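Some notes on the structure that comes next.
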Amino acid sequence: ESLTDAPALPATTLSKGCYENMFTGCKSLTNAPELPATTLAECCYLLMFDGCIALETAPILPATTLTNECYLYMFNNCSNLSSVTMLATDVSAGACLYYWLDNAGTSATSRTLTLKNQGVYNTIISKPDTWYYLPDNWKQGADGTTIQYDEE
């Protein structure tokens, strides 16, 4: 619970469940590691930062193609989270974004969600509570929330 700075995680190719629950309950974590992986595997980041209430900025998620359950509950209960950048263009994998921001940013005064493009946002909000999930406080138009796009 007293860990504030995460160790480096330089892997660019991940295996099934490799970082699952890694920092769950690290309530003092303020500096997340960079996550340079571009090749993901099923459940690789599942619940990785669950309950990291001091975390304000999520590491950039550069993978362009998501896998089944890869970001499932990733930032669950990160109540002070105010910035997330997820650059995937293919979010069609099963439950890849299921509850990834559940109870996240609820104590933050503002939130910024950066996605690759408007199409990704539209896909995420098109099937709420099935494969995708974006809580109301992270949606366009929510008080204190900015949605931006990283189109090339």
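Here Thr13 sits with roughly 90 square angstrom of accessible surface, probe radius 1.4 Å. Within the straight-line cut-off of under 12 Å between alpha carbons, the aspartates and glutamates reachable from Lys27 are Glu1, Asp5, Asp50, Glu56, sequence neighbours fewer than 8 places apart in one chain being disregarded.
Considering only DSSP beta bridges where both residues belong to the chain, give the percentage that are antiparallel (nearest 5). The antiparallel fraction comes to roughly 0 percent. Solvent-accessible surface (1.4 Å probe) assigned to Cys43 amounts to roughly 20 Å². Thr12 to Ala142: FRET efficiency via 1/(1 + (r/R0)^6), r the Cβ-Cβ distance, R0 30 Å, to the nearest 0.05? After rounding, the FRET efficiency stands at 0.35.
Whole number in Å², please: accessible area per residue of the chain, 1.4 Å probe, ligands, DNA and RNA not counted. If you can, show how the numbers build up before the last one.
Details: 6870 Å² over 152 residues.
Dividing the accessible area of the chain by its residue count gives 45 Å².
Whenever you get a sec, compute what percent of the accessible area on the range 1-68 sits on carbon and sulfur atoms (1.4 Å probe).
Numbers: 1680 of 3240 Å².
C and S atoms contribute 52 percent here.
Charge dipole of the chain (Cα centre as origin; +1 on each Lys and Arg Cβ, -1 on each Asp and Glu Cβ, all else neutral): 100 debye, rounded to the nearest 20. Cross-link partners of Lys139 among lysines, defined as those whose alpha carbon lies under 24 angstrom from its own and excluding same-chain residues fewer than eight positions apart: Lys116, Lys127. Note on the range 11-126: Kirkwood hydrodynamic radius from all Cα pairs is 13.8 Å, rounded to one decimal. Scanning residues 5 or more positions from Gly105 or on other chains, those with amide H under 5 Å from its amide H are Cys78, Ser79, Asn80, Leu81, with H placed 1.01 Å from N in the peptide plane.
The values are calculated or read from the model by the stated rules, or taken from the named source; none is laboratory data. Fair warning: this is a prediction, and the values are worked out from it, not measured in the lab. No Cβ is skipped: glycine too gets one built from the backbone with ideal geometry, and neighbour counts run over all protein chains shown. We work out accessible area using only protein heavy atoms, side chains counted, and drop any ligands, DNA or RNA first. Shrake-Rupley method; radii C 1.70, N 1.55, O 1.52, S 1.80 Å.
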